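Taking it in order: structure first as structure tokens, then the write-up.
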Amino acid sequence: MITKESSGEKFKGFIASRIVFVLAVIIALLAFLYFSRGISIILSILIQVTIFSIITMSLNLETGYTGIPQFGRVAAVIAGAFAVGAIPGRIMAAFMGLPAGAEYASDTVNFRLVPQINALLASSWLISLGFLVMCLVLAALAGALIGWLISRPAIRLKEAYLGISLLAFGDFLMWVGHNWSIIVGGSTPVNVPDPFRIFGADRFNVIVPVFFVIAILIFIYMNKLTQSPFGRNLRMLRDNDLSANAAGLNIVKVRTQSLVIGAAIAAIGGGLYVIYTGSVAAIGLTRLTFTFWPWAYMMLGGIGSNIGVFMGVFLLTILRTMIIIFRSTWFGFLLQVGIDPLWLEYTLLGAVIIIVILFLPHGLVPEKVAPMLPANRVKKVMAQRQ
Amino acid sequence: MAPWLSSGLIYASGLALTAGSITLLYIVTRTFNFAVASMATIGFYVVYTGVTLFGGLPYQYYPFAIIIGSITGIICYYGLNRRLLNRKAAEITLMMSTLGYDLVLLSLIQMYADYLTYTFKLFPRRVTMSLFDFEIFGERAAAFILPLIAIAFLTILHFFLTKTKFGISMRATIENPTLAGTSGINSDRVYLVSWVISGGMAALGGSFMAMAMTGTPVMGMYTIPLMFAGAILGGLGNIYGGILGGMVIGLTEYAGVYILAKNFGPWILGYRMGIPLFIMAATLLIFPRGLSGIPLGKIIKKRFGQKRGANV
């Protein structure tokens, strides 16, 4: 008993030291970037971190906790992005008496409509806030719907079959958006009304803290969810679905719930991404950016560990940004033979996945299975029972 | 031949080879090989480089495509897959490792395309390989030659698996790895050979597919869901099932798009990817183990044959 406890303490200390070490590396890299490039690069890193940590946390819920090989994360992100690109702007347009039907998404109409909506949004902070909340709610609803739709056939399939079906579904959704111009303009991007227009030149400085708060709220929600009995069910399902079934767990229901919650959260991430960039282009919502990068983040950070996911996103986003901004100074030798160093981003992505699998299978911050109640309270309850 | 049939045959033979490559590797090593995407693109670029820099017909560069594809397979086996197999890694881990390898290969392909553009002033980012083809009986030669090459390749593979000693030991490893190991079969070599064959098949399949579609550096990346659809349709249990699945997926895509576009208008072309995916989903719903899961022998016996066993 004593040895077990002390080993648990040691494990906790090990995780804490890992976290401190990774944080130190992140802060050092951020400081380096700050002194060489200024604050704007830090802000753009932070915004990517918030959006992708939301998406990766949802992936972690489905893959890390439930054990579903979610290779179609992009599907839920697309659902959120399409919902924000298509619906709130139309609602506003209908409200203002502007064309809101199929013609809303056509590029000749859309570029004149959106500035008018933006002007209304900029006039009152209440409308802006309401618009932002409406966007997020619609994104989450659309994501939940897609998650439920995916879960219907997905429940029947197993490991690799399931992963490939999810991947194919995500790709198919992208092509639908690219071809069906009523949703988000097809091959021409649709502009999204900007709820942060009211801040004018400070727009960017406001977006970062707002998104950060949303990400922190989702992080807290995820932590609570995965420590709750529901989270226990998910882990049980992941580690041994047969025994979970034998213990009376409704596997189909739990899997569906996990897929729906995960998809709703990923869709919020997609919606935030679209609000930040200000336009939706279906072809830009690729499997590479919104499925494979989140997988790399999750694997580097540690599958089944929310804080680890956050660190993984942070570290890799900084590295990606460094490749982009130092491409001519560090990789000039590639430019001399006409090669664009931006491709090194793919190399980094692949190399991270390979290195993590070979040498760091549990990630930077391994999963910590904490009891639902702290140990001293469990002891108290036991003492009371006796 | 109708234009959709000739393009469809070319494309389907390519998909059949890539789906067969995925299936072969899966039944031997339990690895779902994502890197097939980049291996296929590599095969296409080997042929493209040969045709543009040294001239001649695309067909004469296919052996080189097979060799380069096999080499990428060997690198993946020794660098990655072998360690994970020794570690008895989970199926998803194996799959993710090949995804990482695929992305590294993809970045190398992109760099190579940049290099070709810069050094040789070529346009490797949008290639129509069928321009380098010739005509037989007023049809594109590829429509006849490629299916024949695919059939020849598969015949050789079949004889290799059934008639040679190593092929038989390979099948034994597929059936029961532990028993094969105790009877003295070197499973390490079996795994290596399966990577070599499947790498070659993937590269050859990619160079086939480029004859029917526009060759780009992300060609494999866009078609990988269809390759997987073919493998899954085949049931992942039998290499011939995978080949048949790829063939079905490829032909139905071309035939389906042709028929639908004729009846509903050309807007349907954008959703062409949906047709094979729909077929895959429908088949999986009826036969959860794919085409090779259809109890064809049983059905035939039930209808025409006699009952086996003691019929008391």
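The values are calculated or read from the model by the stated rules, or taken from the named source; none is laboratory data. Computed from a predicted structure; not experimentally measured. Note that each Cβ is placed from the backbone with ideal geometry, even for glycine, and that neighbours are counted across all protein chains shown. Accessible surface is based on the protein model in full, side chains and every heavy atom, while ligands, DNA and RNA are left aside. Shrake-Rupley method; radii C 1.70, N 1.55, O 1.52, S 1.80 Å.
Some points to look at:
- The alpha carbons of the protein assembly as shown stretch over 74, 73, 60 Å along the principal axes, in descending order.
- Residues A:TRP125 and A:VAL213, FRET efficiency given R0 of 25 Å [Cβ-Cβ distance, rounded to 0.05]: 0.95
- Per principal axis, descending, Cα span of the range B:3-311 in whole Å: 70, 49, 34
- GNM top mover of A:ALA140, A:ALA264, A:ALA244 - chain A, alpha-carbon springs below 10 Å: A:ALA244
- Spatial separation of Cα centroids for the range A:111-155 and the range B:193-222, in angstrom: 41
- Remark: spin-label model distance A:ALA375-B:LEU148 equals 7.5 nm, labels positioned 7 Å along the Cα→Cβ axis.
- Here the range B:77-139 yields Rg over Rh of 1.26, to two decimals, using C-alpha coordinates and the Kirkwood radius.
- Positive-end residue of B:GLY100, B:THR214, A:LEU30, charge dipole of the protein assembly as shown with Cβ unit charges: B:GLY100
- Sulfur and carbon atoms: percent of accessible area, the range A:113-187 [1.4 Å]: 75
- Relative contact order (%) - chain A, alpha-carbon pairs under 8 angstrom, separation at least six: 29
- Accessible area of A:ASP239 in the full protein assembly, 1.4 Å probe (Å², nearest 10): 110
- Annotation: per residue accessible area for the range B:3-311 equals 44 Å², rounded to a whole number [probe 1.4 Å, protein chains only].
- Each 10 Å bin, from zero up to the one with the longest distance, holds this percent of the alpha carbon pairs of the range A:119-244: 10, 24, 32, 23, 10, 1.
- As computed over the range A:47-294, the Cα convex hull volume per residue (Å³): 114
- Size descriptors for the range A:40-122: radius of gyration and Dmax over Cα atoms are 17.4, 48 Å.
- Both chains summed, the buried accessible area for B and A stands near 3800 Å², from protein heavy atoms and a 1.4 Å probe.
- Separation in nanometres of the label points that stand 7 Å from Cα toward Cβ, at A:ILE283 and A:PHE21: 4.5
- Of A:LYS12/A:LYS379; B:LYS262/B:LYS301; A:LYS224/A:LYS380, those spanning more than 29 Å from alpha-carbon to alpha-carbon: B:LYS262/B:LYS301
- FRET efficiency for the A:LEU342 to B:ILE286 pair, using the beta carbon distance and R₀ = 60 Å, is estimated at 0.85.
- Structure remark: mean-square fluctuation, Gaussian network model of chain A, C-alpha springs under 10 Å; the largest value among A:GLY67, A:GLY185, A:GLY97 belongs to A:GLY97.
- Ratio Rg/Rh, restricted to the range B:151-221 and using Cα atoms, in which Rh is the Kirkwood radius: 1.13
- Using 0.36 nm per residue and subtracting the Cα-Cα separation, the extra length available between B:VAL218 and B:ARG87 on full extension is 43.9 nm.
- Residues losing 20 Å² or more accessible surface upon assembly, the range A:172-194, compared with the chain by itself, 1.4 Å: A:PHE172, A:TRP175, A:ASN179
- Take the Cβ atoms of B:PHE264 and A:ALA31, set R0 to 56 Å, and the FRET efficiency comes out at 0.40.
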